[in-house]
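Each reported figure results from applying straightforward, stated rules to the coordinates on display, with no laboratory input. In this text the structure is predicted, and so the values were computed from the model without any measurement. When we count neighbours, we look across all protein chains shown, and the Cβ atoms used for this are built from the backbone with ideal geometry, even at glycine.
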Amino acid sequence: MSSTFFTASPHWQWLITAYFFFGGLAGGSYFVATMMHVFAKSPDRRMVRVGYLVSFPLVCLCGLLLTVDLGRPERFWHMLIQSETLRPMIKTYSPMSSGAWVLLLFSGCAFLSFLAALAEGGRPDWPILRRLDPTAWLGRLLTVIGALLGLYLAGYTGVLLSVTNRPIWADTSFLGLTFLVSGASTSAALLILLGSWIGVSPRSVHSLERFDRSALILEVLALAALIASLGRVAAVWLNGWGLLLAAMVLGGIALPLVLAWRRPAPDRPGWIGPMLVLFGGLLLRVIIVFSSDRL
Amino acid sequence: MAEPMGFFTDTTVCIGCKACEVACKEWNQLPARNGGIGTLSGDSYDNTRHLDGIHWRHVKFVEQFSPDRRDGRWLMMSDVCKHCVRAGCMEVCPTGAIIRTEFDTVVIQSDACNGCRDCIAACPFGVIDINPVSGTAQKCTLCYDRMKVGLEPACAKACPTQSINFGTITDLKKLAQARLGQLEQSGEKRAHLYGDNESMLGGLNSFYLLVDKPEVYGLPPDPKLPSRNLKPSALWSTLGAVALTILGVFSFRERGARDV
């Protein structure tokens, strides 16, 4: 038996599961928006702006979820500042410590990009925000740094789980990869839904769909590596959790891929596939968090 | 720094009286579970069941009986924080609330802890939990306040059979080796020490003499530091980020090219 089975559960439940999901969406949306902005030759600006506009509210929600989940929420700042000396509290080798700093820094980037995206739409019309326009060098620097931090935010949550001693979480090194890729696929799905809703150009949506399909295939590979790396520990999923995982892979990955390839009218993006991807991303985190908590 | 101090627990002389549990709760003013309403475990004479935020000492009852209960064996073990020389809880703590004292023990500073619970998941022994009164993670301090004034920890003081021995690690190791030799001479070949050497997390400052496999006592056979997964996890995640960036370039650049 793995030594991880002799440990106690940290009781991370719905609030943390929700944080993992929304953290993936916040970081992923910013990353996808930046990729479209940097690499698409003539991107639909509304699509890029939507990415930045959703990222900031989502990261605010993440901070709220994390704070409320603490045993002493009023001491949330102890993650960043040493309560005794008031010096910065940084442990690069503790994913929770580095994650807290990345969450703070990413929130700053997301906030500035949120303002810049609003200014691009005409409100608020502050001259200073024009410097943050993604076409200006400062704006481009901001979005690139923000995208890197966004990737970190989307993936570090999985690393955080692996850097414990709990069964399943600490028995694999692929949780960070899986959460990261899932964060990208769910973010692309969210932007497809929002883009379709506000009526962005079909080509913009198609490029997002193409990215989402690639991310979903990568997610299958990451999940396969995760299960293989668990070895005999994977036997703990020979129950309802395993069935849920199979349902997640079929409904949240395989079915959206089939729907994307077989859609009869390519100019009319479907909403069922992206909805399934979003639900699958949430279900993945529920399975990972709760199946270990119950052991 | 003072000489490293700790516990050597000889499980072969533990009688399961739970005096250590009571002394610990009394000295550290730990609250009762369920507001003092007794709850029976239902399948054991041990009703504490495990260490947590309000039980920093726990006398485990390993009750091994044949199905007809004609044959049986009791193993008792007073369990506590191991005060690991390389402590997983201390490694992950994001607030710096977990510190190493001048006695080489590991203490959670309750006024700095914010109850994130990362240390609970990181501890390889399942020792730490939240104290519902303080809302912070708590565990044995090895009676740091008593040690500061030259007193021995409350549990060791209360133990009537000298199952819990307190002292410098050097002295405790000598004592443990002598007791092990004594048991082996008397024919107890299963006796062995758990956590007395550096191969286990740099050494446990609370180590044990057992007469069965560690798993039987609820102890992990091969406890590890949580940081063992940090590098491989970070590496795979970085590769994933690179792959996503490449996929993004191909996905979005193609669209741009078509637009021209």
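Label reach from residue B:2 (point 7 Å along Cα→C-beta): in segment B:118-159, amide nitrogens under 18 Å belong to B:140-158. When only the Cβ of Lys, Arg, Asp and Glu is charged (+1, +1, -1, -1), the dipole of chain B relative to its Cα centre reaches about 380 debye.
Per-residue Cβ neighbour counts within 10 Å put B:102, B:152, A:120 in the sequence B:102, B:152, A:120, beginning with the fewest. Each label was represented as a point 7 Å from its Cα along the Cα-to-Cβ direction; for residue A:279 and residue A:84 these points are 5.1 nm apart.
Considering segment A:45-125, its Cα convex hull presents a mean projected area of 6.8 nm². The alpha carbon centroids of segment B:119-160 and segment A:85-130 are separated by 39 Å.
Considering only A:127, A:167, A:95, the mean-square fluctuation computed in a Gaussian network model of chain A, springs between alpha carbons under 10 angstrom, is largest for A:127.
May I ask for the angle, rounded to the nearest 10°, between helix B:169-185 and the longest principal axis of chain B, with both axes built from Cα atoms and the value confined to 0 to 90°? For B:169-185 against chain B, the angle is about 60 degrees.
The stretch between residue A:64 and residue A:13 holds 16.9 nm of extra length on full extension. This uses 0.36 nm per residue minus the Cα-Cα distance. Label sites at residue A:239 and residue B:162, each approximated as a point 7 angstrom past Cα along Cα to Cβ, lie 4.6 nm apart. Which of B:20, B:113, B:155 moves most in a GNM of chain B, Cα contacts under 10 Å? Highest fluctuation of the listed residues: B:113.
Here the contact order of chain A, divided by its residue count and restricted to Cα pairs under 8 Å and six or more residues apart, works out to 24 percent. All distinct Cα pairs of the protein assembly as shown go into the 1/r average, and the inverse of that average, the Kirkwood radius, is 25.5 Å. The calculated P(r) of chain B, using every Cα pair and 5 Å bins from 0, goes 1, 5, 11, 15, 17, 15, 10, 7, 4, 3, 3, 2, 2, 2, 1, 1, 0, 0 in percent.
Put simply, the amide H of residue B:78, placed in the peptide plane, has neighbours under 5 Å in B:60, leaving out anything fewer than 5 places away on its chain.
With the alpha-carbon atoms of segment A:27-79 aligned to their principal axes, the span from lowest to highest coordinate is 48, 16, 12 Å, starting with the largest.
Among B:213, B:224, B:148, which one shows the biggest mean-square fluctuation in a GNM of chain B, springs joining Cα atoms closer than 10 Å? Comparing B:213, B:224, B:148 in the GNM, the peak value goes to B:148. Let me test this: with uniform point scatterers at the alpha carbons of chain A, what is the Debye-based log₁₀ I(q)/I(0) at q = 0.13 1/Å? Here log10 of I(q) over I(0) equals -0.91.
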